[in-house]
Amino acid sequence: MSDHISIQTEDFDIARLHGELRAEDASCGAIVTFTGIVRELADSDRLRGIFLEHYPVMTEKALTRIVDQARERWALGDVILIHRVGELLANDNIVFVGVASRHRASAFEAAQFIMDYLKRDAPFWKKELLADDERWVEQKASDLDAAKRW
């Protein structure tokens, strides 16, 4: 069992990451993945993309802590957590969470937990790049509420 945690500007290959999660010894019977992408805004502003900033050491520690907390709650195999930074355009990949486990319930719950805590605890700052404007985004109450269930 290993953790692959990365903060990067480059895109990631979802199929390759899924393949990394497959344990050669077949000890894990479930793999759950989540891929977050840049999506259009619900309001009328036209989104060109987003810009994500972070403090590297602080962010790496936060992501490692989140994966460690998931491991404390569930018996997990390999875990992959990749988050992109820099300028991302609409429909680009932002985040990948992949969890392998002996059983599907643990894999689903751990993946959800990692995403909920990522949205709450990871120090990323997001700026929306609109057609004719830019604006920094506040953390959403719904993201804070989602983590409370754990």
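The values are calculated or read from the model by the stated rules, or taken from the named source; none is laboratory data. As the structure is a prediction and not an experimental result, all values here were calculated from the model. Neighbour counts run over all protein chains shown; Cβ positions are idealised from the backbone, glycine included. With ligands, DNA and RNA removed, areas are computed over all heavy atoms of the protein, side chains included. Shrake-Rupley method; radii C 1.70, N 1.55, O 1.52, S 1.80 Å.
Could you go through the range 105-113 and let me know if any residue there is over 15 Å from the mean Cα position of the chain (by Cα), open to solvent by 40 Å² or more (accessible area, probe 1.4 Å) and more than 17 Å from Gln69 (Cα to Cα). So far as the range 105-113 goes, no, none of its residues is over 15 Å from the mean Cα position of the chain (by Cα), open to solvent by 40 Å² or more (accessible area, probe 1.4 Å) and more than 17 Å from Gln69 (Cα to Cα).
Evaluate the range 41-50: report whether one residue or more is open to solvent by 10 Å² or more (accessible area, probe 1.4 Å), among the polar types (S, T, N, Q), under 25 Å from Glu134 (Cβ atoms) and out of contact with any Lys or Arg (no Cβ under 9 Å at 6 or more places or on another chain). Looking through the range 41-50, at least one residue is open to solvent by 10 Å² or more (accessible area, probe 1.4 Å), among the polar types (S, T, N, Q), under 25 Å from Glu134 (Cβ atoms) and out of contact with any Lys or Arg (no Cβ under 9 Å at 6 or more places or on another chain).
Cβ-Cβ distances below 8 Å connect the following pairs, each with a first residue in the range 1-21 that is open to solvent by 60 Å² or more (accessible area, probe 1.4 Å), a second residue that is part of a loop (DSSP other than H, G, I, E, B) and of a type in the set (A, V, I, L, M), and a separation of six or more residues or different chains: Thr9/Val85. The condition (being modelled with pLDDT of 95 or more, part of a helix (DSSP H, G or I), in contact with a helix residue (DSSP H, G or I) (Cβ under 8 Å, 6 or more places away or on another chain) and farther than 17 Å from Ile7 by Cα) is satisfied by just one residue among Ala107, Ala111, Ala70: Ala70.
One residue alone among Asp143, Asp121 is in contact with a helix residue (DSSP H, G or I) (Cβ under 8 Å, 6 or more places away or on another chain), open to solvent by 40 Å² or more (accessible area, probe 1.4 Å) and in contact (Cβ under 8 Å) with a residue 12 or more places away in the chain, and that residue is Asp121. Looking at (1) modelled with pLDDT of 95 or more; (2) open to solvent by 60 Å² or more (accessible area, probe 1.4 Å); (3) assigned to a helix (DSSP H, G or I), find the lone condition where Glu53 falls short. Looking at each condition in turn, Glu53 falls short on (3). The set of residues from the range 56-90 being open to solvent by less than 20 Å² (accessible area, probe 1.4 Å), touching a residue at least 60 places away in the same chain (Cβ under 8 Å) and more than 20 Å from Lys126 (Cα to Cα) comprises Val67, Leu76, Gly77, Val79, Ile80. Apart from one condition, Thr33 fits all of (1) under 11 Å from the mean Cα position of the chain (by Cα); (2) open to solvent by 20 Å² or more (accessible area, probe 1.4 Å); (3) more than 22 Å from Asp11 (Cα to Cα); the exception is (3). One residue is enough: does the range 79-101 have a residue meeting the conditions of a type in the set (Asp, Glu) and in a helix (DSSP H, G or I)? No - not one qualifying residue is present in the range 79-101.
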